[in-house]
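Chemist: Below is the structure I would like to discuss, written out as structure tokens.
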Amino acid sequence: MADTEEDNQATFPPNPINGQEPQDFSNGDKEDDDYEDGDDDDKDEEEEGDDDDDLQEPNLRKPQSRESVLLEQRFKINHLVQRLRSEEVPIRVHDVIIKGNTKTKDWIIEAELQEIRNAKTMQELLKTTQIALAKLKKLGIFDSGTVTLEAGPPEFGDVANVIVHVSEAKSNISAELSAYGKPSASSWVAEGALKYKNLLGYGDIWDGSLAYGANGTSEVSVGLLAPRVKGFVTPAVVRVSLLSQDWQEFCSYKERSLGMSLGLFSTKHHDLVYNLGWRTLTDPSQMSSRSIRRQLGHGLLSSLKYTFKIDRRNSSIRPTKGYAFLSTTQLGGLTPDIRSLRFLRQEFDVRYALPFGFYKSALNLGMSAGVVFPWGCGFLNKPSPLPEKFFLGGDFSPVCTLGGPTTIWGFKTRGLGPTEPRRENRDDNDDDAYEMDFIGGDLAVTAFADLSFDLPVRWFRERGIHGHVFASAGNIAKLTENEYRHFSPRKFLESFRMSVGCGIVIPTRLFRIEGNFYHGLRQHEHDRARTGFRLNLSAPS
């Protein structure tokens, strides 16, 4: 079959190399055309096929091997790391996208990510994302969180989108059970707490706790923690509690109080709390001393408590380096009610840990001081409120207890300080009853030195069990009711109580267990000192 002239003139695309137009390969000879007609068709088809291949090849990328992809990514990462080390890489955050939250409100998460939006460089962005993830974890309502950086719209220049993926806690209910000793109780306390997290989607944590001590001390409390409340820059904390304590063995009175505390301001180093409570002091035995009887009855507690705290120690259970400082100021009597307890209480606490560099040994030094005074008309003749006075002693470790002068090793709870005789004991067969009431003091000073070191047994070292030797000293004095006129700093120092000892410490995640041998060096006539072995549990504060 003869082809037409248009068929014989196959159209080729322009040559990508020289840019020439397609050429006409027919010479007008009919025989040659007839003879080469079939061959031309085949050649045209082959050439068209080849040209099609040439057209498609530039658009195809050869698939890279897995090793090539990894090498390319590694090169890019190394290049970025080198650039981050050598110079500041400018970048701006275009948008922060939150994913994964089904119950938690977006603005709760956005409040913790605010610093990310202000980042100006890549280095600053990486730092703020780490801080933001730590803040989200601290809320206690997420199991995990990740941050991904993606390139932003190119028309805005060097911008990035930050994508935050959060995983909300699968279980909103948690329970805790612990046992420990604390200075505010006269014996070990077992405490159980139940928490429900993120009930309303505002990061809120509802909790209820029940504590019970061996001597009848009990406390029931419920609380609410809202990490973010619109209009406030700090978390809102509210707690209502009912507390009952039995101090008859030491001071011949029982204490029962119903109160509420409201956190007004809280940051890393500062804390301001308002306390409102109704307190009742009773003496079921009717044998209390004169100073105790004068303060029995009802009292209204309305106070502001400000705490400034810096803790740069590497551990609160076993510190081996760093320092800590605590200052607490409490002002009571903020209501005009005549039963309002009016007082001013100030406490200081200093800790310093000095490492020695061998056997993980470290010397912990600490000093605490506190003073309390009533205020108002005729305050010089009035006593300080009884529960606000200072009492020393108890099986609590001052190494991990940061909260004012409370503890001296080797003395029983409320086992030293000013005393007054009780009423005559009508039960002559009760040989264990003490004839003196410890009435507390208005000025207290304590100090301690503790040298800790690893034990030579490897099994102990792997579990953090270590030994320590220690010494402690302290004293307490009365200043109110015109007693300050008879106060002498020299006599106060000369009458310091002292004790030394050694023992083994078992640190845990929640508290510190100590098995110690005590020996008293200096004590007064009515002090209740201990000599021998004692086991105690102390929770860090």
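The values are calculated or read from the model by the stated rules, or taken from the named source; none is laboratory data. It should be emphasised that the depicted structure is a prediction, and the values quoted were computed from it without experimental measurement. Cβ coordinates were reconstructed from backbone atoms using ideal geometry, including for glycine residues, and neighbour counts include every protein chain displayed. Keep in mind that these areas ignore ligands, DNA and RNA; they rest on the heavy atoms of the full protein, side chains included. Shrake-Rupley method; radii C 1.70, N 1.55, O 1.52, S 1.80 Å.
Chemist: Which residue, chosen from 492, 455, 516, occupies the Cα position most advanced towards the positive end of the dipole of the stretch 442-539, where the dipole is computed from +1 (Lys, Arg) and -1 (Asp, Glu) charges on Cβ about the Cα centre?
Modeler: Positive-most Cα among the choices belongs to 455.
Chemist: Also, quick follow-up: What distance in nm lies between label points placed 7 Å from Cα along the C-beta direction at residue 87 and residue 465?
Modeler: Distance between the two pseudo-spin positions: 5.9 nm.
Chemist: Could you state the number of Å between the C-alpha centres of the stretch 193-220 and the stretch 265-309?
Modeler: If we compute the Cα centre of each part, the gap is 21 Å.
Chemist: Could you tell me how far the Cα centroid of the stretch 221-260 sits from the Cα centroid of the stretch 439-463, in Å?
Modeler: Cα centres, the stretch 439-463 to the stretch 221-260: 29 Å.
Chemist: Shifting gears a bit: A 18 angstrom limit on the alpha carbon distance is what I want to check against. Which of 99/120; 99/127; 138/195; 99/197; 197/268 exceed it?
Modeler: Values: 99/120 24 Å; 99/127 21 Å; 138/195 15 Å; 99/197 20 Å; 197/268 22 Å.
Cα-Cα > 18 Å for 99/120; 99/127; 99/197; 197/268; rest within.
Chemist: To make sure I understand the rule: partners must be lysines, Cα under 29 Å from the Cα of residue 254, and not fewer than 8 residues away in the same chain. Which ones qualify?
Modeler: Filter leaves 182, 305, 382, 389, 412, 478.
Chemist: A further question on this structure: For the stretch 386-513, take N as its residue count and report Rg(C-alpha) divided by 2.2 N^0.38 Å. Present the calculation step by step, with values, prior to reporting the outcome.
Modeler: Numbers: Rg = 18.5 Å, N = 128, 2.2 N^0.38 = 13.9 Å.
The stretch 386-513 yields a ratio of 1.33.
Chemist: Still on this structure, I have one more. Mind checking the dipole of the stretch 76-168: about its Cα centre, +1 per Lys or Arg Cβ, -1 per Asp or Glu Cβ, Debye to the nearest 20?
Modeler: Dipole magnitude for the stretch 76-168 comes out near 260 debye.
Chemist: Taking 0.36 nm per residue of separation and subtracting the Cα-Cα distance, what length does fully extending residue 525 through residue 229 add?
Modeler: Details: separation 296, 0.36 × 296 = 106.56 nm, distance 5.55 nm.
Difference between extended and current length: 101.0 nm.
Chemist: Then there's this: With every protein chain kept in place and ligands, DNA and RNA left out, what is the accessible area per residue of the stretch 416-541? Probe 1.4 Å, answer in Å².
Modeler: Values: 6980 Å² over 126 residues.
Here the residues of the stretch 416-541 average 55 Å² of exposed surface.
Chemist: Taking the mean number of other Cβ atoms within 10 Å as a proxy for protection, how do you rank 369-375, 396-402 from highest to lowest? Walk me through the intermediate numbers first.
Modeler: Details: 369-375: 19.4, 396-402: 24.6.
Highest mean packing first, the order is 396-402, 369-375.
Chemist: Same structure again: Given the peptides 95-101, 223-229, 442-448, arrange them by the average over their residues of other C-beta atoms within 10 Å, most packed first. Mind showing how you got there, number by number?
Modeler: Values: 95-101: 14.7, 223-229: 17.6, 442-448: 22.9.
Packing order, densest peptide first, comes out as 442-448, 223-229, 95-101.
Chemist: Ordered by residue, what ³J(HN,Hα) values in Hz, to whole numbers, does the stretch 321-336 give under the Karplus form 6.51 cos²θ - 1.76 cosθ + 1.60, where θ = phi - 60° and Gly and Pro are x?
Modeler: 3J(HN,Hα) across the stretch 321-336, in whole Hz: 7, x, 8, 8, 9, 9, 10, 10, 10, 10, 10, x, x, 8, 10, x.
Chemist: Compute the separation of the alpha-carbon centres of the stretch 86-103 and the stretch 389-410 and state it in Å as a whole number.
Modeler: Value for the Cα centre distance between the two parts: 48 Å.
Chemist: Moving to a separate point now. Please give the peptides 284-294, 144-154, 495-505 ranked by average Cβ packing (other Cβ atoms within 10 Å per residue), highest first, as a rough proxy for protection. It would help to have the intermediate numbers written out before the result.
Modeler: Numbers: 284-294: 16.5, 144-154: 13.7, 495-505: 18.5.
The most tightly packed comes first, giving 495-505, 284-294, 144-154.
Chemist: What ³J(HN,Hα) values, in whole Hz, does the Karplus curve 6.51 cos²θ - 1.76 cosθ + 1.60 give for the stretch 340-356 when θ = phi - 60°, with x put for Gly and Pro?
Modeler: Karplus-based 3J(HN,Hα) across the stretch 340-356 equals 5, 7, 9, 7, 10, 10, 10, 9, 10, 9, 10, 9, 8, 10, 10, x, 9 Hz.
Chemist: Taking +1 at the Cβ of each Lys and Arg and -1 at the Cβ of each Asp and Glu, which of 122, 154, 94 sits farthest along the dipole of the stretch 76-168 towards its positive end, judged by Cα position relative to the Cα centre?
Modeler: The one lying farthest along the dipole's positive direction is 122.
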